[in-house]
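> This is the structure I want to talk about, given as structure tokens.
The numbers here are math on the coordinates, done by the rules we state, and not lab data. On a predicted model such as this, the values are computed, not experimentally measured, just so you know. Neighbour counts run over all protein chains shown; Cβ positions are idealised from the backbone, glycine included.
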Amino acid sequence: MAITAADIRREVKEKNVTFLRLMFSDITGTLKNVEIPATDEQLDKVLSNKAMFDGSSIEGFVRINESDMYLFPDLDTWTVFPWGSENGAVAGLICDIYTADGEPFAGDPRGNLKRALKHMEEVGFKSFNLGPEPEFFLFKLDEKGEPTLEVNDRGGYFDLAPTDLADNTRREIVNVLTEMGFEVEASHHEVAVGQHEIDFKYGDVLKACDNIQIFKLVVKTIARKHGLYATFMAKPKFGINGSGMHCNMSLFDKDGNNAFFDPEDSRGMQLSETAYHFLGGLMKHAYSYTAIMNPTVNSYKRLVPGYEAPVYIAWAGRNRSPLIRVPASRGMGTRLELRSVDPTANPYLALAVLLEAGLDGIKNNIEAPAPVETNIYVMTPEERRAAGIIDLPSTLHNAVKALEEDEVVKAALGDHIYTNFVEAKRIEWSSYAAFVSQWEIDNYLDLY
């Protein structure tokens, strides 16, 4: 049931809410907020879409001469955080960004995803669902409260205490998420030491992306409470697995049916032609959208053979080595799982691009190549070439160059976001390329 302004006013009083966070995301996916006192006067301003902020200092937003922007809260995102202070509780609303002229801001990632969803509805579908699987690391803090790279456990996949010393931290994270309305499906230690995963139920993609942003905030907040630092960095430590955020996607038609499911599938996978064509679009644009799914220099330290992350553009059913997998669930649970995405991706941008890539496949009847059910990691380069399997981009530099060549992906971002994203990533790559690392010193200083 939709949340109303009256509901919010009532909860402010009942739960002694004294501050309100008006939250939004910049193009990098970083959650920002304007915090205001929850007085009647300020609530009136917020609930009538009259709260303003200066957008000129936000990554990828606007120039200083056009900085005044409005925050339009989505009332259905209302949440009271289960932590506060002696001065009262803190609540939050996720907002869309509008210009001073009252128009949706083209640089707002959340607004851009809503634009893609409108296109989806025009094509004839009702909803696009997402089930994300974000992973993260927990590190110890030093005596100054700064994060280190020292983990607080030696656990492995599905381990428990005493090997997994973070189970109490994870348990409190799950309790807080549940109190905030998340449907948590699983919580466990991941493969690498210090690495964890908490999965929450799939949902409408806009809500799911909002949940990813709130999830990160909760994880970091509770970790600090336990004297730990949580990071969603893709590859914080050499020699162990990096963190991914597998994205499970499904389309539903106007009758509420899963458009990816067809029990009469002649290929035996119980997938519809819609699913195969959506998959074809994902495969066709995979090389080009990698810059959005893996948007940092560090992301490409994860996308290397030997650490479970996908490296090759292929798809399969049971096989977990390709880029895209079709999990076994059928009926309403039929879905496609993209395994390359990492949690540094801006979820709103990533899912807008994936939706448009899939819709391109549906619109143009793009056929997916044959599935690859053998372990791609043990195939020789010649065998991969013979099977038509190519590698994902190996660096952010190559990924951005590929992005610049794909009109479908560029259109999914819109001119404003595309231009600012590429500019930011060029600067990031240039800074990295000019940096002399300790690895270079260790390997070349005495040699030459």
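> Just grab the label-to-label distance for Asp76 and Glu35, each label 7 Å out from Cα along the Cβ direction, in nm (one decimal).
2.8
> If you average the C-alpha positions of segment 200-247 and of segment 390-442 separately, how far apart do those two centres end up, in angstrom?
Here the answer is 23 Å between Cα centres.
> For Asp262, what charge total do you get from the other residues with a beta carbon under 11 Å from its beta carbon, if Lys and Arg give +1 and Asp and Glu give -1?
Here the count lands on -1.
> Here's something else I'd like to know. Arrange the following residues from fewest to most other Cβ atoms within 10 Å of their Cβ: Ile389, Ile292.
Sorted ascending by nearby Cβ count, the order is Ile389, Ile292.
> Please identify the chymotrypsin sites (Phe, Trp or Tyr not before Pro) of segment 190-261 that satisfy two criteria: DSSP loop assignment and at most 13 other Cβ atoms within 10 Å. Which are they?
Qualifying residues, ordered by number: Phe238.
> Using 0.36 nm per residue, how much length does the chain from Ser187 to Asn364 gain when fully extended, once their Cα-Cα distance is taken away?
Result for the pair: 59.7 nm of gain on full extension.
> Using square roots of five times the C-alpha gyration tensor eigenvalues, list the equivalent-ellipsoid semi-axes of segment 205-274 in whole Å, biggest first.
Calculated on Cα positions only, the semi-axes equal 37, 18, 8 Å.
> What relative contact order, as a whole-number percentage, does the chain give when Cα pairs under 8 Å and 6 or more residues apart are counted?
In percent, rounded to a whole number, it is 14.
> May I ask you to compute the full-extension gain from Glu440 to Gln42, defined as 0.36 nm times their residue separation minus their alpha-carbon distance, rounded to one decimal in nm?
Result: 137.8 nm gained on full extension.
> Quick one: if you stick a label point 7 Å off each Cα along the C-beta vector at Tyr448 and Lys201, how many nm between them?
5.9
> Same structure, new question: Using the Kirkwood formula on the Cα atoms of segment 335-448, what hydrodynamic radius do you get, in angstrom to one decimal?
17.5
> Measuring from label point to label point, each 7 Å out along Cα→Cβ, what is the Glu122 to Asp265 span in nm?
3.0
> A follow-up question, please. Give the whole-number value, in cubic angstrom per residue, of the convex hull volume spanned by the C-alpha atoms of the chain.
So the per-residue hull volume is 176 Å³.
> About the Cα centre, and with charges only on the beta carbon of Lys, Arg (+1) and Asp, Glu (-1), how big is the dipole of the chain? Nearest 20 debye, please.
Around 340 debye, computed over the chain.
> Which whole-number percent gives the relative contact order of segment 305-448, counting Cα pairs below 8 Å spaced six or more residues apart?
Relative contact order of segment 305-448: 22 percent.
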